[in-house]
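This report refers to the structure that appears directly beneath it.
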Amino acid sequence: MSQKNNRKLTLDLKTTLAETRLVGLWRLMKGFRLLYLGALIAVGIGAFSRTFYYRVVQEVLDNVLGHDEAMNKLPLFALAFLGLAALEGAFSYLRGTWSAKTAEGITLRLRNYLYDHIQRLPFAFHDYAKTGELIQRATSDVDALRRFYADQALGIGRIIALFTVNFVMLLRMNVKLALLSIVIMPIIVVMSYWFFGRVSKAYEQYQDQEAKLSTALQENLSGVRVVRAFARQDYEMDKFNRENWEKYRRGKRLLVMHSLYWPVSDVLCSAQTILVMAVGALMAIRGEITVGVYVATMGMVVWIIWPMRNLGRLIVQVSTGLVSYQRVADVIRQDREDIEIGDVPDDTRIRGTVTFDNVSFSYEPMEVLKEYKKDDGKDSGPDKEEAEQKLVPVLHNVSFHCDPGQVVALLGSTGSGKTSIINLLLRFYDYQEGSIKLDGIELKDYARGLLRRNIGIVEQEPFLFSRSIRENIVYGAGAREIPQAEIEAAAKAAAIHDIVLTFPEGYDTVVGERGVTLSGGQRQRVAIARALLKDPRILVLDDATSSVDTETEEQIQQALDVLIPGRTTFIVAHRIQTVMNADLILVLDKGRVVQAGSHVELIQQEGLYRDIYDIQSRIEEEVAVELEPEVALETVYVSPVEDLAAITSDFVAEATF
């Protein structure tokens, strides 16, 4: 790609936003305006060629046919007809080519920008934004903009050019017929304006409903296993049918509005044409105009009246483009997360000293964010004071300190704030009160990109892409080439290597969407291998062993015991057996640290930790007695014992809280 084209495709589209949608659409054309201007000029030349064709017809009828002395000019007029046809065809081709290049170039840039922009939006945005809604805006609405630039805007230009050229030419031929040919134009314009407002609203409602339908379909496909496991197909079908019926109802209303416009405009335009033809015929009979003028006038009148009828259609269709622009602009208007902005140099080597000092944090709830709706480019959400009143506090005065290479365990019930601490460490969110320091420097002084390149995380619900196992493992290593030996070393450390070798394609085995062809434990181990290959200074295991059996957990723990030294590690867990060897155990309850210390220290204290330990030990002993006669069976992809152990361990963990 040339440097010039690259500049066209890398425009920051946030600079194109405007409160007036037409201004925004004009700014969006930056880099393509000259090409589009060429298309408009081609439209004008094509319109002139078509109009001049009727002037040639008039000349032939009035001054050539029936005049023997002028018959020798007939071949010249025939060549003129061919030349005008060729000229119109050539510029029609250029118009189509240049407008297509403009439309496709703008939408290519827009799709690329939206894809990149959505990835860089903060987590708070994705907390409330629906996937189907974003997909709808990045596909259907972008395609509506493509049609706007390729057909609709240029179509309006073509109609205006045809009307102007034909009307001026008709005025020069006969003022009376020229004025008579535009009698209905005010009616068409007013009617089009009336339909414009109503179609805009109807189309916006239709697009909103289509987004809801896309969301319903996306959620159903993502959760198809849950749907089938609970035999909820009929329920999901009813829910989808309701959304689909509402889309049908809104689409029908939109089409009815279009259908109402056409008969009315057709009747008006037909009446106008008949009127001009009748008056022109009477004038020709009375000798007020020649036959040539009459024939030329009728041709020009057609290209005045019917383009005006299509102008109304295009005005109505343009409303859909304006609505789609606003929907796309609402996404572009969202502020991106600053990834590389920070006071700490990018080449800083992080050691891993972490200090939380009276940190408090609150999530902004979904309702607050949803209230920020755009109206003509302006926010209409609640003020800052009202939004702060709706914040949901999750952490209260959390304080702890860990040195490089130490293992910190976060233990607590669901919703106690364990994952929130990790989210703050990665700067997925920023804390409102207190201080977090990394190597003695305030965490907010670090660029988010620098932090995330030095922190490896294995989440509670690991996400695998629909790619090969090799590609999923090397995903976190950046752009550098990873030797196969390093990939296998990470896989061995995560206790997944031997299982991968049993697959027919080995490391080239493509896992399904979200890794569905692997068991929960296998997905977890691939995610652990991905984090280990990254070789981070800080390692986060967010309940990473919750989906593995006891034997595999022991293998992973042995590997981690070798890899953890020199690397600060945070382990989020429900089970005490997972965190017993940690240097510091933080017991959280309702967003507060209620106990802190090592296992030996906490087990000797009265409190929540010892209560959890006693309950889990008793439950595991009872479960072990009941499961003792069971025979362990394993398959290549899914291990029932593994899943049973995971279910049992989760039950044990949750039962204690």
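At a glance:
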item: Cα centre as origin, Lys/Arg/Asp/Glu Cβ charges: the stretch 160-287 dipole, Debye; result: 200 debye
item: Extreme residue, positive dipole direction of the stretch 1-150, given options Leu94, Met71, Leu22 (C-beta unit charges); result: Leu22
item: Share of carbon and sulfur in the accessible heavy-atom surface of the stretch 1-156 [1.4 Å probe, %]; result: 61 percent
item: Relative contact order (percent, whole number), the stretch 115-230, Cα cutoff 8 Å, 6+ residue spacing; result: 53 percent
item: Protection-proxy order for peptides 264-272, 564-572, each taking the mean of Cβ atoms within 10 Å per residue, highest first; result: 564-572, 264-272
item: Carbon/sulfur fraction of accessible area - the stretch 195-265, other protein chains in place, 1.4 Å, %; result: 56 percent
item: Packing-based order for 595-604, 531-540, using average beta carbon neighbours within 10 Å, highest first; result: 531-540, 595-604
item: Computed FRET value (nearest 0.05) for Leu255 with Asp143, which takes r as the C-beta separation and R₀ as 22 Å; result: 0.75
item: Restraint check, Lys212/Lys252; Lys534/Lys590; Lys201/Lys247, Cα-Cα greater than 23 Å; result: Lys534/Lys590
item: Contact order normalised by residue count of the stretch 53-188, Cα under 8 Å, 6+ apart, percent; result: 21 percent
item: Order by protection proxy (mean Cβ within 10 Å, highest first), peptides 419-430, 320-331; result: 320-331, 419-430
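The values are calculated or read from the model by the stated rules, or taken from the named source; none is laboratory data. This structure is a prediction, so every number in the text was calculated from the model and none was measured. Every residue, glycine as well, gets a Cβ built from its backbone with ideal geometry; the counts of neighbours run over all protein chains shown. Note: accessible area is taken over every heavy atom of the protein model, side chains too, but ligands, DNA and RNA are not part of it. Shrake-Rupley method; radii C 1.70, N 1.55, O 1.52, S 1.80 Å.
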